[in-house]
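Contents: one structure, followed by commentary.
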Amino acid sequence: MIDSSTIDPATAQQVDEQAAAAGLFFTDAPVSGGVAGASNGTLTFMVGGSKPSFEAATPMFEAMGTNIFHCGDTGTGQTAKLCNNLALGVSMCGIAEAMELGARLGMDPDVLTQVINKSTAGCWSSSVGNPYPGVNPDNAASKGYNGGFGVDLMLKDISLAIGAARGLGQATPTAATAQQLYQILSANGMGGKDFGSVITLLQGKFEKK
């Protein structure tokens, strides 16, 4: 059994126990790479499970992805995905703020993007997923925020990460702020749009109900 959804680690562990009782191998194996990664077979798999389970499932991972990580015991695949998406969701909010500020101060968004991508703030959110329309003609931001990774999916993942952190007594202040921004988008009919649409909150252009 391979579960590539994103759920909380404790649930993955419960499913593993039930699978083992039925004599089945189980891995939690969420992915990263988006629509392009799925289409091109270049996904990243973050896999949690016993070594025998991981080895049994590896040929299937290799058919769909190029980066396959055995993260540890059951649940650690989910842990890796939640930590990754927590950072991704927060970074998108930061890049959106920077891009909108630069544009309002009169800088060409294309030039600002080049500077950021060659400087210390460079990241996926500034390059591949840049939220400013027209900067990357191939991404969701340049297509009305259609396609890509949906706001509701990001909201779910950040909420799961915050919940896991709360169970450990760890504060997640930046994730909580990002969560609120994605909640506003979702509540106003933007849940199916790419999460880079968070920049529209700063621009006052998001589609209110």
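The values are calculated or read from the model by the stated rules, or taken from the named source; none is laboratory data. All values derive from a computational prediction rather than experimental measurement. Don't worry about glycine lacking a Cβ; one is built from the backbone with ideal geometry, like all the others, and counts go over all protein chains shown.
Filtering the stretch 165-184 down to residues that are touching a residue at least 24 places away in the same chain (Cβ under 8 Å) and not hydrophobic (A, V, I, L, M, F, W, C), which residue is farthest from Val151 (Cα to Cα)?
Residues of the stretch 165-184 touching a residue at least 24 places away in the same chain (Cβ under 8 Å): 172, 174-175, 177-179, 181-183.
If we keep only those that are not hydrophobic (A, V, I, L, M, F, W, C) too, we end up with 172, 174, 177, 179, 182-183.
On the way: Thr172: 19, Thr174: 17, Thr177: 14, Gln179: 10, Tyr182: 6, Gln183: 8 Å.
That would be Thr172.
When the stretch 56-91 is examined, which residues are found to be of a type in the set (S, T, N, Q) and touching a residue at least 40 places away in the same chain (Cβ under 8 Å)? Quick ask: steps written out before the conclusion?
Of all residues in the stretch 56-91, those of a type in the set (S, T, N, Q) come to 58, 66-67, 74, 76, 78-79, 84-85, 91.
Result: Thr74, Thr76, Gln78, Thr79, Asn84, Asn85.
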(request) Name the single residue, out of those in the stretch 6-38 being within 21 Å of Gly167 (Cα to Cα) and not in a helix (DSSP H, G or I), that is farthest from the chain's Cα centre (by Cα). (result) Asp28
(request) Find the helices (runs of 4 or more DSSP H) located wholly in the stretch 116-209 whose residues include 1 or more that are of a type in the set (Asp, Glu) and surrounded by 13 or more Cβ atoms within 10 Å (Cβ to Cβ), and list them. (result) 151-168
(message) Which residue is surrounded by the most Cβ atoms within 10 Å (Cβ to Cβ), if the candidates are limited to the stretch 39-49 and must be at pLDDT below 95 and assigned to a loop (DSSP other than H, G, I, E, B)?
(response) Thr42
(request) Output the residues belonging to the stretch 39-60 that are under 19 Å from the mean Cα position of the chain (by Cα) and farther than 19 Å from Cys83 by Cα. (result) Ser39, Asn40, Gly41, Thr42
(request) Confirm whether Val90 is aliphatic (A, V, I, L, M), assigned to a helix (DSSP H, G or I), touching a Ser or Thr at 6+ places or on another chain (Cβ under 7 Å) and under 25 Å from Asp8 (Cβ atoms). (result) yes
(request) Identify the residue in the stretch 125-143 that is without any contact (Cβ under 8 Å) to a residue 24 or more places away in the chain and over 18 Å from the mean Cα position of the chain (by Cα) and, among all such residues, is farthest from Val111 (Cα to Cα). (result) Lys143
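I'd like the full set of residues that are over 15 Å from the mean Cα position of the chain (by Cα) and not hydrophobic (A, V, I, L, M, F, W, C), limited to the stretch 148-173.
Keep residues of the stretch 148-173 that are over 15 Å from the mean Cα position of the chain (by Cα), which gives 163-173.
Within the stretch 148-173, Gly163, Arg166, Gly167, Gly169, Gln170, Thr172, Pro173 qualify.
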